[in-house]
Amino acid sequence: MSRRFALVASLAVLFAPACASSGDTTPTSAPTNTRPESTGPGVGRPFTADPNLVDPHPLPFTAWRRVGEATIAVDFQTGNPQCNGVDATVTETADTVTVALRAGTPADAVGRMCTMEAVLGTLEITLDAPLGSRQVLDAA
């Protein structure tokens, strides 16, 4: 009987946090849209910004890195570059640089047959001011 009680008590201790009241909806940590800074070389295929994308949609980037004093590169995953393009809008403040990366179809690729493949891409972005110690955020 004592072994059974010990087993039940142990299970109760393990599962008690999972069964806690769900009445408290306060998040334990605030969601963040920061992305890690990469210190290594770029591994993605270079993309050129295309402001004339057809059906653009938000595209999160996975990492970023400093390329120059006022230039960063963002890394992302997209499709075949012959049928997929990217563009970015940047909002700069004294403390942050927020990148809104968008993906879509280049105008000259509309209607083109494309292969389905995943491609790691990189887009270099020139800032209005040096990056300094500002935080890089993803708008997606």
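Bear in mind that the values in this text are calculations on the coordinates, not laboratory data. These figures come from a predicted structure and were not determined experimentally. Note: ideal-geometry Cβ built from the backbone for every residue, glycine included; neighbour counts use all protein chains shown.
Consider the range 72-110 and keep the residues that are β-branched (Val, Ile, Thr) and over 18 Å from the mean Cα position of the chain (by Cα). The one that is nearest to Ala139 (Cα to Cα) is Thr93. Residues in the range 70-84 that are in a loop (DSSP other than H, G, I, E, B) and within 15 Å of Leu101 (Cα to Cα): Gly79, Asn84. For the range 47-82, filtering for residues that are buried (at least 19 other Cβ atoms within 10 Å of the Cβ) and touching a helix residue (DSSP H, G or I) at 6+ places or on another chain (Cβ under 7 Å) leaves 0.
Each residue in the range 49-69 was checked for being in a loop (DSSP other than H, G, I, E, B) and either closer than 16 Å to Leu120 by Cβ or in contact with a strand residue (DSSP E or B) (Cβ under 6 Å, 6 or more places away or on another chain) (or both), and 8 of them qualify. Considering the range 99-130, and only residues there that are among the small types (Gly, Ala, Ser) and not in a strand (DSSP E or B), the residue that is surrounded by the fewest Cβ atoms within 10 Å (Cβ to Cβ) turns out to be Gly111.
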